[in-house]
Structure formats: structure tokens, C-alpha cells
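Participant: Supplied in C-alpha cells, the structure appears directly below.
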Amino acid sequence: MIGSYVKTSTRNLLRNKLFSCISIVGLAISMSVGLLLIAFVLDLRSYDRFHKNGERIYRISSVATFKGEQGGKYASASIKTGKLIREKLTGIEEVAILRNDFSQDAQVGDHILPIKGFWAEPSFFRIFTFPMLQGNAATALRDPYSIVLTETAARKLFGNKDAMGSMIRFDTLEYRVTGVMKDVPFFSHIHFEALVSLSTADQLNKNDPHFGDWTNIWSNFVYILPSKNADMAAIQLQLDAIAKEENLADKDTRIQLSPLPLYNIVVGENLRRSEGGPGYVGPHVPPVVLGLLGGLALVVILSACFNYTNLSIARAMRRFKEIGIRKAIGAGASQVRLQFLAEAVMISLIALLLSFLLFLLLRPQLIHLAPEMQGTVKLDLTPAMIISFIVFSVTVGVIAGFMPAIFFSKVNAINALRNVSSVKVFRHLTLRRALVVIQYTVTLIFITATSIAYVQYKNILAFDLGFRTTNILNIYTEGNKPNVLLNELREIPEITALSRSLIVTGIGNYWGGNMKYKDVNDSTLVMTNHVDENYLPLHGYKLIAGGNFISRPTTAEAVSEVIVNEQVLRRFNIGIHAPEKAIGEQVMLNGRKLTIVGVMQDFHYGKVENLIGPVAFTCWTPEDRAVINASVKSDDMPATMAKIEAVWKKFDRVHPFNATFYDQSIEDAYSEFSIMIKIIGFLSFLAISIASMGLFGMVVFTTETRLKEISIRKVMGASFGNLIYLLSRNFLLLLSISAVIALPVTYLFFEKVVLSNFPYHTPVQIVELSIGFLAVLLIAIIMIGSQTMKAARENPIAVLKSE
């Protein structure tokens, strides 16, 4: 029976080459997107699966609230949290504390290389499965100034020499290599080159009273390994009890703790990043992104399935006799259904071969879509991936063939010659027309969404942040003191101005502190930056009262001045309508008394989607890390950059030159929008391509079935325009119905959902809405016109001679 199905399906495919090609190519194009998504999801689901006890490992998250506001859920937790869990919680086998601020230059003899890693406890190796090549995992991180290197890091520092027992100098301190471990697997959310004993960090920070505080959650991670069959609800209650007791000591800050399964770290809730940045807590993809991509891929695949359904039902008249004969000789409805499902599955499997080739072509494009993508997925073929591709192909075939199978199985032998193509699903629409409307509605939504998103993205990049960013190069000093480099850069004639800052604002970097004014019980979180006296004029900040910094402090304790924005005045009700009244007023910032010497016009400290809030600039000191801001004016920018890089290489032979133009940093800050626009735009192209192929097939079929009618009308004097109108009327009506549905839906989705998160967005314009409809309309007219012209050129005598 199966052989019969295959033979019959093969004959039908060869007999109807045009429709078979349209179905196969349409399914192949759409399935290639599905293959990419399957590979992407399988890679993400591979993270941390190599750990022996992975299903029992949890990371502790902190939900922090400051003065009842500006809270959030963080991936990090305090060192004290880890110690309290170890002391008080029952049902826990192991606890490991990890600290992420180890990033220093390692010196071995005359060899110097930057090394990044974590401070860690011996229990780290009892929780995680990172095999040791040399050394004892139980004791390697026990003593202060002990360090465990990965295999690659050991080779970088010591070459082919044995690293065990050797000494490495970091700054002025010597560390002993007590272990060498295998390199961290690619699919690990934790990546490092070295682990240093946490007891070392305890010694180095023994004079810092806040190092072990309950509220110091910013640079630490706490992992737990519960006992087998542990009750996680009971563990959560114990965590709540610890938090309740510790929160009594600080009325301004409240922290709640919650365990996050290891397998939900990469694909899971979007937690705020710690001070170290995303690179320290691993890659992360919110489930909503996977859901969105999956939904978009499903829509494209269904569009191709609609093509198959439409063309199958459009050819119904040609297959009714076949079905009638089958039923007359005893075939049941189930056998007819299986026949059409087998045919669809065959087409889908053939399409799988073509889609796999497209997958191989598109895979590198997806990986190189963004730098972070290259460190997140590989998309390498695995047995599980290949099996998933085949299962996916069969599933698509079943979906594509389901409606034709149901449609044709209802035909009986007596009515085999009756025209049943008018099966109704709505009052005035046939099944085929309904599918066309759905298909083009989705296509229009895709195209319109791409157009709107692109315009909004360009508006964001060109948005006036309230300060100048053009031709400003931000040079990261990598921990070096900047003065020598500044003096060298001043000798380059193309550099017109220089300044120093702690961070680069406007791209999503945040540095904050609590500010108080007079009433010691009233404080607010303000965003801060440490800048020198050249920063404001270089970036063109507008001072509406007061002036620039007067003092030149050399230590943080000596800082006595602050420049605030208008939001600070509103928050504390200081000279709201007369900002000059704020000059000379004193505020407390992080416990230090400062005098307001200037008031800036409001500007965007964070990203454009964030509301403008209180901001305070204090004076940069040599104790701060530095970003050098260089204003560059050059007719030959590559040559100028080469000069600057040459200065850097002379200044620092260890660290690579790390500098980015401000406008490029802003573009990078919104790279996720750019990526989504590219993906949606690509899917839009696929959707319109698939829909156009389906439309072409329908037009060819309609033209062929109405060829005699066209010839008669031509003999009776119908013009070319009349014939185009005759053939296009129904298609254009369906396209108009799709536009009436798609355009308002897309507009409301962007205005009420997407752009509601951007308080400073520009309204959606009619041009952005109509561009997709006009594009689809133009394609439809070209296709209908070409087939009508072909039919109109036919000799009526040759067409009608059989009548």
C-alpha cells in the first residue's frame, strides 16, 4: 500500500511540474527558517548539560528594592548570602560563592598577558563538573594566593613548561599555580581563564567594611546543590526567613532571594546584570525572543503550507475523476486521506533536501549577524539535530497535506464530476479565498512591521541625546593611568580636544548613588558619572546655571563639587523655575557633602527607551578608571586612527587597542533592534516570495481554466485592459481585504505595544504603513498582467477549434 502511495504521488508530481516546483520551493524556503530555528534552540538547550549534577544546581537571584523604588531582579547575590545559606539552610549539600572582579595582567618572567577569571571556593569543583588535569580539586582553591588555570591559559603563560607549582605575579602579589583544568566547554554559561581562591579576595578586602555586607550583591554569584529529592518549596521558605532577618538591619534596602535552576539561566528570565557586565554571567536569550522567532518562523511555514493547500484544491477538478474511480473500486475515505498525506510528506521530504542546502548557506550569516551571536551558538550538525530536521519535515508535510486530504476524502464517486470548489468557511469566501486572505494578511503585517521598525530604529540612532557624539572617539585605558597617553594624544594634530570620564553615557551604562538634600530621611537614586573639566565643553552639554568644575581634586575624598541636571532640581524642589538658586546649595551623594556648582539641561543618560531621570556629575580623580574622550577632525580617518593606535601600542604593549566612536557605540547599544529588523526583514522577504509564488500558481491555473473565455471575449472585442481587470478583480479584492485587516493591526501593535516602551518615539506615519501594501500590489499586478498578456496573445482560432 505504501508503495502504491509513493508511485501515485510520484506520477502526480511529475504530471504537474509547475505546481510541484512551486510547492517544493515554497516549502524549502520556509523550512530553511525552521531548520535554523531548530538548530538555534538545540544549541541554547545544550548549555550546562555536561555537569553531572546539572539538574540539581541552582543559582541564587536577588530581588532588590531601594527606598521602595528603582528595584529589580539581579543574577548576583552577596557573599554573606552564600555564608548564611551554608550555615542555616537544611537540605543543601554544597554552596559555592563566585566573585567576578578578577581581571588583571599576569606576569611570568618578562611575559605579560591579561587574564580574566573568578574568585572561587573549593566547593566550586564539588558542584560543577570541570575536570582537573593536574592538582587536587578538593584543595586547589583552599589556600590564599592559589590559582587554577585552564589548559589554554597555562599554555599561554608557560608554553610547554609544567605550570604546576609555578608562581604568577599580579601587580605586586605572587600567586601559586595549584591546578590546571580542562578548558571550559563552549556551552557553559560560566567562562573564565583562571580561578583564584576566594580567601585571597577576603584578605585583599579586609579593610573594606562593605565587602561582606548583606546588601553588597553587585559582583558575586551564589550557587547551591540541594540534596537529592530536596523540597525546593521548603528551601524557598528558609531563604525567605534569612532575608526577613537580614533586612531588619537596613531600612532603605530590601532583598529577597530565589533559586534559579541552572538550565534556566541561558534561556530564562531576563535578570539585571552585575557590575562586571554580561560577559561575566554568560549569554542570555529571553524565552519571549524564542517565542517570537518561533512564531514568525511558524507563520512563514504556514504560508508555504497555504500555498500547497490552495494549489491542491485549485487542481481539484483535475483530480475528482481519479478520486471517484478510486472510491468506485473500493477505496475508503481513510485511504484517500493517506494518499494525499503521503503526497504532501513526499513533497516535504524533497523540500527538506533543498532547505538543508539553504540552511548551510544561511547558517554563517546568522552566526555573524552580531558579535555576541558568535559566542552564543555554533549551529554545528549533530545526530539529534538531523533527527529533528527529519521529524520537522514530516510534520510540515502532514500540516500541508491535512486540509487537501480532508477536502478530497469527502468527495464521493457519484459527485466526482461536480464542482465542489465552493466549499464555504465564511459567508462570502470560499476556502481558497480565505487562505489567500490569511496568507496576504500575514505577508502585509511582516512587510509593514519591517518598514515601521526600520524607520523607528533610524530615528533612535539620530535622536538628539542632549549632547554631541559626532566624531568623538572613546578610548578605554584598560586600567592604565591616562596622563601619559593624554600627553601623547595631544601631539596628534587631528585631535582637537580631550577629556576623561568614568563611563560612556547614552549607551546603556549606569553608575548610580543615593542623593539627599537637607531632609536626611529623604533620598533618591541618581545616575552619576565622574568627568573632568574638559568633558562638558567637548560634548556640548548645555549649562543653564552656574559653571564648570573649579577645583581639581586628586583623591575621591577631596571631591567637593557636583553638577546636576534639571531633574535633580525637580526631585528636591530646588529652584525649579530659577535654576540659578540651586548654585551653592549642598547635597549628600553617597554620604559625601557636595556643593552644586552647575545645572545642566536634561539629557539622555541611559538609552532612549528610559525616561530622563536625576543625573549628577562629579569631578574625575586619578583614583578612578578612565575613558579618554577624543574629539577628532580629519579628512583621512583611517590614517588618523592608525596614528592613534600607534600611540597606544607604544603606551601599552599588553592590551589591544580598544576604542570606539561614540556614534558607533550608540549603534551597537541598539544592536538587538538591528538584529530583529534584519530577521523580520528576511522573513518578510521569504513571506512575500512564498506568497508571490502561490499567487503566480493561482494566476496560471486561473488563466488556463479561463483560456477559452478569454478567447471568446477577445473575439467579441474585449481590450487588454478589460482582460486584466477580468482576471485581477478577485485577486485585488482579496488583497484589499488583507490590507484592511493587516494595516490597522500592525499600527495598533506598534503604537500600543512596541512603541509604548519608548516614551520619546516618533508617531507611525502613513507612508510606513502603505509601503508594504504598494509593494505587494505591484507584484500582483505584474504577475497577473504577464499571464494575461500571454493569454491575450493566444490565437482564438487555435483555442476554440475544439468546440
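Participant: Once label points are set 7 Å from the Cα along Cα→Cβ at both Leu381 and Arg49, what is their separation, rounded to one decimal in nm?
Facilitator: Rounded to a tenth, the inter-label distance reads 1.8 nm.
Participant: Can you pull the one-decimal nm distance between simple spin-label points at Met588 and Asn480, each 7 Å off the Cα toward Cβ?
Facilitator: With each label point 7 Å from Cα toward Cβ, the separation is 4.1 nm.
Participant: Of Lys182/Lys228; Lys83/Lys116; Lys206/Lys481; Lys481/Lys643; Lys73/Lys542; Lys161/Lys643, which pairs sit farther than 31 Å apart, going by alpha carbon to alpha carbon?
Facilitator: Those over the limit are Lys73/Lys542; Lys161/Lys643.
Participant: With charges only on Cβ, +1 for K and R and -1 for D and E, what is the dipole size of the chain about its Cα centre, in debye, rounded to 20?
Facilitator: Result for the chain is approximately 4740 debye, rounded to the nearest 20.
Participant: Could you give the semi-axes, largest first, of the ellipsoid that matches region 128-243, computed as the square roots of 5 times the alpha carbon gyration tensor eigenvalues and rounded to whole Å?
Facilitator: Its equivalent ellipsoid spans semi-axes of 31, 21, 12 Å.
Participant: When DSSP beta bridges are limited to those with both residues in the chain, what percentage is antiparallel, rounded to the nearest 5?
Facilitator: Around 80 percent antiparallel, to the nearest 5.
Participant: Let me ask something else about it. Can you sort Thr524, Thr443 so the residue with the fewest Cβ neighbours within 10 Å comes first?
Facilitator: By the 10 Å Cβ count, ascending, the order reads Thr524, Thr443.
Participant: Moving on to the next point. Order these by the 10 Å Cβ neighbour count, fewest first: Glu94, Glu533.
Facilitator: Glu533, Glu94
Participant: I've got another one for you. Quick one: Karplus J couplings for region 575-584, per residue in order, coefficients 6.51, -1.76, 1.60, θ = phi - 60°, nearest Hz, x for Gly and Pro?
Facilitator: For region 575-584, the Karplus-derived couplings read x, 4, 9, 9, x, 5, 5, 6, 5, x Hz, x marking Gly and Pro.
Participant: Quick one: work out the % antiparallel among DSSP beta bridges in region 472-667, nearest 5.
Facilitator: The antiparallel fraction comes to roughly 75 percent.
Participant: Based on other C-beta atoms within 10 Å, arrange Leu538, Leu292 from fewest to most.
Facilitator: So the ranking, lowest neighbour count to highest, is Leu292, Leu538.
Participant: More than 28 angstrom separation, counting every C-alpha pair in region 56-281; what % is that?
Facilitator: Across region 56-281, Cα pairs with separations above 28 Å total 31 percent.
Participant: OK, next. Considering all projection directions equally, how large on average is the shadow of the alpha-carbon convex hull of region 472-667, in square nanometres?
Facilitator: That works out to 11.5 nm².
Participant: In addition: Please give the length that would be gained between Ser634 and Asn471 if that part of the chain were fully extended, namely 0.36 nm times their separation in residues minus their C-alpha to C-alpha distance (nm, one decimal).
Facilitator: 57.8 nm
Participant: Highest first, please rank the peptides 96-104, 198-206, 242-250 by the mean number of other Cβ atoms sitting within 10 Å of their residues.
Facilitator: 96-104, 198-206, 242-250
Participant: Going by amide H atoms built from the backbone, whose H comes under 5 Å of the H on Asn658, apart from near neighbours?
Facilitator: Tyr476
Participant: Can you show me the helix-derived [θ] at 222 nm for the chain, built from DSSP H runs with n ≥ 4 at -39,500 (n - 2.57) apiece and divided by the number of residues, rounded to the nearest 500.
Facilitator: -15500 deg cm²/dmol
Participant: So for the pair Arg142, Ser103, with labels modelled 7 Å out along Cα→Cβ, what separation do we get in nm?
Facilitator: It is 3.3 nm.
Participant: Restricting to bridges with both residues inside region 533-598, how much of the DSSP beta-bridge set is antiparallel, in percent to the nearest 5?
Facilitator: Of the beta bridges lying entirely in region 533-598, close to 60 percent run antiparallel.
Participant: Same structure, new question: Could you work out the per residue convex hull volume over the alpha carbons of region 540-642, in cubic angstrom?
Facilitator: Normalising the Cα hull of region 540-642 by residue number yields 153 Å³.
Participant: For Gln664 and Glu488, compute 0.36 nm times the residue count separating them, minus their Cα-Cα distance, and round to one decimal in nm.
Facilitator: Full extension of this stretch gives 60.9 nm more.
Each reported figure results from applying straightforward, stated rules to the coordinates on display, with no laboratory input. Quick caveat: nothing in here was measured; it's all calculated off a predicted structure. Cβ: placed from backbone, ideal geometry, glycine included. Neighbour counts: every protein chain shown.
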